[in-house]
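The values are calculated or read from the model by the stated rules, or taken from the named source; none is laboratory data. On a predicted model such as this, the values are computed, not experimentally measured, just so you know. Don't worry about glycine lacking a Cβ; one is built from the backbone with ideal geometry, like all the others, and counts go over all protein chains shown.
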Amino acid sequence: MWKQLSTQADWRSAVEIAILAVMLYYGYRFFRATRGARILTGLLMLLMGLTLVAQLLELEVINSLIQSFSVFFALGLVVIFQPELRRVLAELGSHRFFSFNGNDEASVDQLIEAMTQLSHQRVGALFALQRGIDLQPYAQTGVAIDAKLSSELIATIFHPKTALHDGGVVIEQGRMIAAGCVFPVSQKEINDRSIGLRHRAGIGITEETDALALVVSEETGALSLCHQGKLEHNLEPEALKERLQEILLFKTETNDESNQGQAAEIRSAA
């Protein structure tokens, strides 16, 4: 009986260690590239140093103070890592079982066409495609337009001499619901100096929500995709379209049939 209890205890300990290891790994992945990571490292080093000194020298007052302030330390971490925690919860809520995507392929074709034209003209642009999480709070920072997505309207909005060209456009179910919107700017450390404020805003909206952000660089004309706080930079129009199809999961049967046809041709040639 004691042997059976010992086996059960070992099994539970192994499960607890595995769960903690997974939590630490994903926590490290989420927080490693943020400014808060340096703050956390500094606080942990200070706390560990004070605890070690207090234990070695048996400083009871410092020990009691550390124990008393542990709750405040935990609350401080929540405040420091508020953007990262919101991102984690947003990604959990954006699971395919809980999210709905109303963007169709025709709308994406129009969007890619408009971005390509803006890229050739070196005109900057920023778009946020709504998915499961409502972007209405960000849409309210701009001007409501509620218009069908078209390349002509996009070119007009982002023309350098218009009043709305500096902000972002929120797209919901193939319609442009607002323009000139203000998106949260990511505080993630990026060493590439070609990544400007427009790209950081695209990364920021994907950190706060499950939206997709598309960016046209004003300096280079490069097309970029932001997804889950990550930037895919300098994409070709076809590659950008493929990535959108992959993420939004609306590949048409026509594409599947053409792929099957190409595969059949390859097999026959072989």
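Any idea which residue in the stretch 105-151 is farthest from LEU197 (Cα to Cα), counting only those that are acidic (Asp, Glu) and modelled with pLDDT under 90? Steps first, answer last, please.
Taking the stretch 105-151 first, the residues acidic (Asp, Glu) are 105, 109, 113, 134, 146.
Add one more test, that the residue is modelled with pLDDT under 90, and what stays is 105, 109, 134, 146.
Numbers: GLU105: 29, ASP109: 26, ASP134: 23, ASP146: 26 Å.
Among residues in the stretch 105-151 that are acidic (Asp, Glu) and modelled with pLDDT under 90, the one farthest from LEU197 (Cα to Cα) is GLU105.
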- Query: In the stretch 172-229, what residues are small (Gly, Ala, Ser) and in contact with a Ser or Thr (Cβ under 6 Å, 6 or more places away or on another chain)?
  - Reply: GLY174, GLY204, ALA213, GLY221, GLY229
- Can you confirm whether the stretch 250-270 contains a residue that is modelled with pLDDT of 80 or more and within 21 Å of the chain's Cα centre (by Cα)? no
- Note on the structure: Quick count over the stretch 113-144, residues being part of a strand (DSSP E or B) and crowded, with 20+ Cβ neighbours inside 10 Å, is 5
- Could you check ARG198 against (1) in contact with a Leu (Cβ under 8 Å, 6 or more places away or on another chain); (2) at pLDDT below 90; (3) of a type in the set (Lys, Arg) and say which number it fails? (2)
- Message: Looking at the stretch 217-240, can you tell me whether even one residue there is touching a strand residue (DSSP E or B) at 6+ places or on another chain (Cβ under 8 Å), assigned to a helix (DSSP H, G or I) and within 20 Å of ASP134 (Cα to Cα)?
- Response: no
- For VAL108, state whether it is closer than 15 Å to LEU225 by Cα and either assigned to a helix (DSSP H, G or I) or assigned by TED's automatic domain parsing to the domain that holds GLY202 (or both). yes
- Message: Tally up the residues in the stretch 182-204 that are buried (at least 24 other Cβ atoms within 10 Å of the Cβ) and in contact with a helix residue (DSSP H, G or I) (Cβ under 7 Å, 6 or more places away or on another chain), please.
- Response: 2
- Does the stretch 154-179 hold any residues that are surrounded by fewer than 18 Cβ atoms within 10 Å (Cβ to Cβ) and either at pLDDT 90 or above or outside any loop (DSSP other than H, G, I, E, B) (or both), and which are they? ALA155, THR156, HIS159, ARG175
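Name the single residue that is nearest to GLN130 (Cα to Cα) among those in the stretch 180-195 being among the β-branched types (Val, Ile, Thr) and modelled with pLDDT under 90.
Filtering the stretch 180-195 for residues among the β-branched types (Val, Ile, Thr) gives 182, 185, 190, 195.
Add one more test, that the residue is modelled with pLDDT under 90, and what stays is 190, 195.
Values: ILE190: 25, ILE195: 23 Å.
By that ranking, first place goes to ILE195.
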